[in-house]
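Below: one structure, written as structure tokens.
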Amino acid sequence: MNILVIGSGAREHSICWSLKKSSNCKKIFCIPGNGGISDIADCPNLEIKNKKKILDFCKKNKITFVIIGPEDFLADGLSDYLIRNKIKTFGPSKKASQLETSKSFAKLFLKNNNIPTAEYSYFSSISEAKRFLKKSIFPIVVKANGLASGKGVIICKNLKEANQAIDTIMKEKKFGESGNEIIIEEFLDGFEISYFVFVDKDSFLPLGYALDHKKAFNNDKGPNTGGMGCFTPSKKVNKKLEKKILDKVINKTISGLRKEKIDYRGILFFGLMINKNEPFVIEYNVRFGDPECQTLLRTLESDLLEILLATSSNQLSSIKIKKNYDSVICVVLAANGYPDSYEKNKLIENIEKAEKIEGIEIFHAGTKKLSNKIFSEGGRVLSITSKAKSLDIAREKAYDALRIINWEDGFFREDIGIKNY
Ligand code: AMP
Ligand code: GLY
């Protein structure tokens with residue numbers, strides 16, 4: 001079949017790479033794509049926000065399946081629109097996507113279904129939020145209610161920082177309309193894991209988990225980012241903890257979706273904080289994580305296309321997932337300055353040479369290809385994934401690959417997979 005993938009990140013590159021292995025995959029298109037994706041998919045120049053143009057493109061190119069990567073297209077109802085127009089689509093509806101697009105919706109869902117999460121209050125008025133802070137215990141977490149690319153969360157050590165966070169989000173509107181309302185939330189200590197489950201109307205199927213590194217710099221210093229690297233598995237996630245996650249979080253979420261008549265079809269990403277061996281939901285996301293997707297797809301032995309099609313057709317119950325049990329690590333190479341401003345159009349060399357190391361697969365994010373050369377074009381630029389029999393070997397090889405890549409304008413964390421291994 002002809003398939004269209006929407007997105008331009010390393011996540012979408014890894015999805016295309018995985019789809020390519022399916023015997024049912026004839027041709028892949030990716031809009032907008034990037035310098036790496038264009039080696040395995042056609043990346044036409046199309047007005048991506050225009051749903052009608054996407055539909056016309058699908059019809060013209062006999063595309064029968066669309067896979068939506070990033071959340072903003074789901075929030076915009078692209079999945080609903082394509083399905084209404086008879087194009088099979090992977091990615092939840094606009095209504096179901098509120099689990100990610102509205103923190104207040106997600107918190108209410110968690111509370112209604114008795115799923116462990118941080119205590120919280122919701123505010124649409126600056127003065128009321130500030131009044132609430134006067135009787136709060138610190139640290140406390142202030143969050144923009146809407147989408148903010150993982151950056152709309154401010155952890156505040158004291159009253160002064162919390163008042164400033166409210167001003168940043170609600171007054172200065174650092175995250176635009178997403179900051180019209182906020183959530184103020186209890187601070188949870190522990191370590192975080194990203195857990196992924198395919199969900200359709202009648203069934204669900206866990207894909208696995210990875211541990212992400214959200215802060216920009218070594219030792220969890222610096223600002224929050226979309227994710228600077230991750231790894232799977234972790235010795236800290238034992239069978240007992242996985243059972244708790246299944247019983248207290250996943251099963252309750254699935255029955256909550258049924259009870260609240262939310263027809264969820266797609267992958268559901270549980271952002272969990274593990275505190276004293278107990279899981280708490282920090283957030284839901286309605287898509288694959290980035291860089292978690294790049295990492296987990298390297299453990300998948302089953303046909304990804306078959307799983308995604310079954311999810312979209314409510315046939316997940318007929319699918320079994322086969323995985324390899326190697327360790328995988330992903331290190332993100334980002335442009336100096338990310339997650340704030342950074343320069344673009346810088347030449348990156350030796351990517352192919354680095355890819356020759358056994359077990360290495362490199363996925364592109366913010367890159368473009370000009371005259372067969374790769375140039376930087378975004379904040380997160382490359383995802384270096386490495387698969388091996390142990391995490392130590394995988395890590396060593398990932399960093400060997402990074403040392404081969406020649407790019408003076410980039411940086412990466414040197415401590416991926418060391419903490420919480
Ligand atoms: P979110 O966008 O809600 O996933 O938050 C982004 C990041 O902020 C999370 O991955 C955590 O590292 C941190 N965070 C969010 N909520 C809390 C919380 N209640 N306690 C501690 N850390 C949090
Ligand atoms: N890596 C976290 C996310 O994709 O939201």
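Details
- Single residue of F270, F288, F280 found to be touching a residue at least 12 places away in the same chain (Cβ under 8 Å), of a type in the set (F, W, Y) and under 22 Å from A41 (Cα atoms): F288
- Residues (at pLDDT 95 or above and on the phi < 0 side of the Ramachandran plot) located in the range 204-220: F204, L205, P206, L207, Y209, A210, L211, D212, H213, A216, F217, N218
- Residue check, G222 within 16 Å of ligand 1 (Cβ to nearest atom) and free of Cβ contacts under 8 Å to residues at least 60 places away in the same chain: yes
- Number of residues in the range 245-264 that are part of a helix (DSSP H, G or I) and loosely packed, with under 15 Cβ neighbours inside 10 Å equals 5.
- So I319, is it more than 16 Å from ligand 2 (Cβ to nearest atom), at pLDDT 95 or above, of a type in the set (A, V, I, L, M, F, W, C) and more than 28 Å from L147 (Cβ to Cβ): yes
- Residues in the range 222-244 that are in a strand (DSSP E or B) and modelled with pLDDT of 95 or more were compared, and the one that is nearest to ligand 2 (Cβ to nearest atom) is C230.
- For beta carbons closer than 7 Å, sequence separation of 6+ or different chains, a first residue in the range 137-148 that is under 12 Å from N180 (Cα atoms) and a second that is assigned to a strand (DSSP E or B) and within 16 Å of ligand 2 (Cβ to nearest atom), the qualifying pairs are K143/V153.
- Going through (1) farther than 30 Å from I184 by Cβ; (2) within 16 Å of ligand 1 (Cβ to nearest atom) one by one, Y284 falls short only on (1).
- Every residue from the range 96-125 that is surrounded by fewer than 16 Cβ atoms within 10 Å (Cβ to Cβ) and either under 19 Å from the mean Cα position of the chain (by Cα) or assigned to a helix (DSSP H, G or I) (or both): L108, K111, N112
- In the range 160-216, the residues that are assigned to a loop (DSSP other than H, G, I, E, B) and either away from ligand 1 (no atom under 16 Å from the Cβ) or free of Cβ contacts under 8 Å to residues at least 60 places away in the same chain (or both): E172, K173, K174, F175, N180, D200, K201, D202, S203
Each row is one residue, and each column tells you yes or no for (1) within 26 Å of M228 (Cβ to Cβ); (2) buried (at least 17 other Cβ atoms within 10 Å of the Cβ); (3) within 15 Å of ligand 2 (Cβ to nearest atom).
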| site | (1), (2), (3) |
| --- | --- |
| A144 | yes, yes, yes |
| A148 | yes, yes, yes |
| C156 | yes, yes, no |
| K160 | no, no, no |
| T168 | yes, yes, no |
| K173 | no, no, no |
| G176 | yes, no, no |
| I182 | yes, yes, no |
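The values are calculated or read from the model by the stated rules, or taken from the named source; none is laboratory data. Here the structure is a predicted model, which means the values were calculated and not measured. Positions of Cβ are generated from backbone atoms using ideal geometry, with glycine treated the same way; all protein chains shown enter the neighbour counts.
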